[in-house]
Structures are given as structure tokens and as C-alpha cells.
Amino acid sequence: MPSSELIYDSTSRKSPAIEELKEAVKYRELIFQLTRRDILTRYKRSVLGIAWTMLNPLGMMLVLAFAFSQLFRFDTGGNYSTFVLSGLIAWTFFSQTTTACMNSLVWGGGLFQHIYIPRSTFAISSMFTGVVNWMFSLVPLLAIILVTEKTLPWTVVTFPISLTLLFAFSLGIGLLLSAVGIYFPDVVEMYQIILSAWMYLTPIIYPENIIPAEMQWIFKINPMYYLVKLFRLSVYDGQLPTTADLVPAAAFSLTILVVGWVFFTYKSKEFAYRT
Amino acid sequence: MPTIEPNTAICLDHVSVAYRAPYERIGTLKEYVIRWFQRRVKYQHFLALNDVSLTIKKGEIVGIIGHNGAGKSTLLKLISRVLTPTSGRVWVRGKVAPLLELGAGFHPELTGRENIYLNSAILGLTRKEIDEKVPGIIEFSELHEFIDAPIRTYSSGMSARLGFAVATDTNPDILILDEIMAVGDEAFKHKSEARIRSFFEQGITIVLVSHSMETVEKLCTHVVRLDHGVVKGDGKPLEIINEYREISAV
């Protein structure tokens, strides 16, 4: 009987990080179903349906692009709205997925109290939901760029690489935040403030050269600076990212992912004790 | 650790579960940081289970009895992996099916069919396994014409039927039951009772928590009595139940 081979031992000394990874693979159908649930329920009851996903970030970007191009007249060496849009493509993915990840793990707690579920599946599915929404929102954005620039650089083909790195980074941050948020729910609120500060510290709505040279280190220690740059290079500058662009982005993303995963799984035995 | 015989299904070895509750509830990080600096974070430990050791053999039907707060639910949570013990060891062989939350994770906006997939995935099934189960679940729940309507349009009896059908359409080695559940109208109650009974007849290991001594006496082969997190009795049903009745009568 193969099922009797299945043994659970609470004192197993195997690494929780590796065990959770195996469980997440085993529960891959759950990751898919949770993503499907989030997408379907978001669109089922709204009249405009999928259009909302496209219009939301679009509205925000238009406001920003209009306001800042009129107010500050940053010289970005090109079309300012395209410049902002290219940065926001990365930023909205990051801010939405990390917030959603934390919300589902901190507030979705009822289920975990009754049934064993590898919790990482909830975090991973938040990211995949983000990917689907991101792809919907990309349609009008690329359309705007196409209209204003009359052309779309072929270098956007590097998006999958950039998005993979951004996915890894967001998942890592999402896991770290959730692990802390389960103990202290006010972190969820605090994070929104951190997010807006973080956004203004990242050159998204302004070009990086307006910051004096002696302050440039503030970008160098910011992982989102490198990730935003990858997207901006391909959409706005029409360039392929060089090794110098990719290495720091990949190093930051993978480090944060590993740190987040290990910390989350190491703490996860205690989560059930928190209600 | 006692030796694990080939016929052992569940083994708990000196298991304790301590909930650490702050004297005053500290709900925010801000408060915690302030108090930590003031060295004022104090905890009290509440032992939900205290040094519990028990062995359940394959095919046994074990009744867990005790008053409210005796640690019965905590015990079930340990066996179904929801909770990891604070100390001691929990060892379980085989696939565990907890029949605790029927329709856990049902989403009102999704259709009955979509919810079958979601709920089965929560129980750890793969796509292929779910595909095979769907017709049987629809058949058992008798929701044929409503299965593609959103659950929010269901009556509470209908969603209970669907939840029961999803949760019980499984071939576990160990079944965890919190009271014998019977849902729906009279006709469906009989049907759900029959299904639970078939589990008892299949010879799988069952752990049942119940307040009904009649049920426990009738069904169980082995009874464990808990009192304030401590095992106070472990043996033949009648013996343990009589002990419990004497104590409760006082």
C-alpha cells in the first residue's frame, strides 16, 4: 500500500525551507486554484470586468504623467509620459503583489487554523495573480507608448527576464512582510507608508540625474532601482540590459527570495499559535 | 520514543502544547517595541496539552472525550498537522483526512464546480485526482442542475451538502472527526450517516471527538479521556466512559 509510506514526524530534522518547497510543488494545483479564484472573483461581479485591471493603473499613470510633466518639467531626454509609465510598470507589480501577499497570509488565517495547508502556496499564488493582472494592464500601457512614440522598441522582448527577477524579489519581500505581519498586524498598515516613501526614493517619476552625485548611493542600495531600470531600459531607452544592469538586479532579487523563504519557513511552525 | 510497531498509525510521545499569551495583549509592533524597551513584555504559558503520550493502532476507532477546554481540539490539530507541538513528538503514518471544516475556503462568487476544484486543492489533491472525483461529488451532493451556479445562490443546506461531498469523497488511512456529522434534510442526513458508517466498516483508523457518550460507546474500540490537557484515562470504552460519568456527576 503506497499511502502507508506517507509518514509525518513532527521532530523531523529536515530543513523546513526544503520541506516547504517540496510541499509547494505537491500543492501546485492549489496555487493554480487560488490564482484562478482571485482573478475570477475580481471580474465576475463588475460590469467592466477585465477593463478595470487595465484602467486602474492606467488612470494613475495618466494622472502622474500629466501632473509631473506640467509641474516639474523633468528633462528625461525623451517623452516624459513614456518615462513614467515604464517605471510604474515595475513599481505597480511590486506594490500590489507584496500587499496582496501580506493580506492573504495575515487575514486569511481562518483556514490555516483548521486544515494543514503549506502557507507558501498563498504567497506564491498572490504573485501569479499579480502576473496575470500585470499582463492585462500592459495592453493599454503599451498602446499608449505606441501612440505617443509611434513605435515600440523590440527590446521589450526582455520583459520575461525582468519580470522573473521582479517576481522573485516581490515574493521574497512578501514572505518577509507576512512573517512579521502575522505577529504584528499593524505592519500591514505601516507598509503602505513605507511603500510611498520607497516609491519616491526610487527614480520612477523623476530621472536619476536630478539627484546629486554624492547622494547617488541611495539608489545603489535600493534593489527596486535596478529592477525598475531593467524595465525602463527595454521600453523607454530601447536598449538591451547589459551584464552590469542584470547582475545587481539578479543578486538582490535572489538573495531576498532566499532570505524571505528561509525566514518564513523557519517561523511558520509558530504561525498556527497566532490567531 | 516508544518503538513504532508496524501496526502503529499515530504515536504521540510526551507531547505538550503551550500557548504563550502575553499578560496584556500586545497587538501592534509599535506597542511591542515600546514595551520591549521598558522590559515589560511578560508572558504566561497556557498548557493546552501537558505531556500527552498515546499510541493508536491501525484500524482502531478512538474516541476522545473530556469537558470543554480539555485539549480535544488541540489533539486533533496535532494529528492533522495544523499545529506543531511545543515539545514532544507527533508521528503519523498514512494519509489523514480531517472532516472538520466542511466547505473550508468556499468562495460565494464561484460556482459549485469551481468550488469543488478549489476545496479539493486545499485538501492537497492534484488536478488529475480532482477531475476523476468531480462526477461522484456532483452525484452525491445532488446538485446537478445548480452545479454551475455561484454558491451564493445556494441555500445553506445545499452548500453543506456540497462541502460534505467534497470532504468525504476521499480514501484516507486516518479519518479525523469532530462529532459525527450529518447535514442537510432528513433524506440527505441518512445518506451522509451511511457514508460515515461506511468509513467505520472499511477498517480505517478513526479519531473521533464527541460529547455524546452513546455515540462513543457504540462506535469506538478505544477511548481516551482528557482533562485539562492531561490524559486521565486510556482504555476500553465502557471503563473510561463510566469513570468520566462519575466525575462529571459530582
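The values are calculated or read from the model by the stated rules, or taken from the named source; none is laboratory data. All figures in this text were calculated on a predicted structure; none of them were measured in a lab. Because the Cβ atoms are built from the backbone with ideal geometry, glycine has one as well, and the counts that use them run over all protein chains shown.
Numbers for the structure displayed
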| item | result |
| --- | --- |
| Residue among B:201, B:217 that alone is exposed (fewer than 13 other Cβ atoms within 10 Å of the Cβ) and among the acidic types (Asp, Glu) | B:201 |
| Filter result for residue A:195 (in a helix (DSSP H, G or I) and buried (at least 17 other Cβ atoms within 10 Å of the Cβ)) | no |
| Tally, over the range B:196-243, of residues that are more than 21 Å from residue B:58 (Cβ to Cβ), among the β-branched types (Val, Ile, Thr) and part of a strand (DSSP E or B) | 1 |
| Selected residue (criterion: farthest from the other protein chains (Cβ to nearest Cβ)) from residues of the range B:129-157 that are over 16 Å from residue B:109 (Cβ atoms), of a type in the set (A, V, I, L, M, F, W, C) and assigned to a helix (DSSP H, G or I) | B:140 |
| Matching option when the condition is at negative phi and modelled with pLDDT under 80, among B:23, B:19 | B:23 |
| Residues of the range B:52-80 that turn out to be of a type in the set (A, V, I, L, M) and part of a helix (DSSP H, G or I), as a count | 4 |
| Where residue A:77 falls short, out of the listed (1) crowded, with 20+ Cβ neighbours inside 10 Å; (2) outside any helix (DSSP H, G or I); (3) of a type outside the set (Lys, Arg) | (1) |
| Enumeration of residues in the range A:234-275 that are hydroxyl-bearing (Ser, Thr, Tyr), within 14 Å of chain B (Cβ to nearest Cβ) and in contact (Cβ under 8 Å) with a residue 12 or more places away in the chain | A:265, A:266, A:268, A:275 |
| Members of the range B:30-58 found to be at pLDDT below 90 and of a type outside the set (A, V, I, L, M, F, W, C), listed by number | B:30, B:31, B:32, B:35, B:38, B:39, B:40, B:42, B:43, B:44, B:45 |
| Pairs, first crowded, with 21+ Cβ neighbours inside 10 Å in the range A:118-146, second in a loop (DSSP other than H, G, I, E, B) and hydroxyl-bearing (Ser, Thr, Tyr), C-beta under 7 Å, six or more apart | A:118/A:27; A:121/A:27 |
| Unique match (being facing chain A (nearest Cβ under 7 Å), over 20 Å from residue A:268 (Cα atoms) and either hydrophobic (A, V, I, L, M, F, W, C) or in a loop (DSSP other than H, G, I, E, B) (or both)) among B:118, B:102, B:83 | B:118 |
| Residue B:73 within 17 Å of residue B:17 (Cα to Cα) and out of contact with any strand residue (DSSP E or B) (no Cβ under 6 Å at 6 or more places or on another chain) | yes |
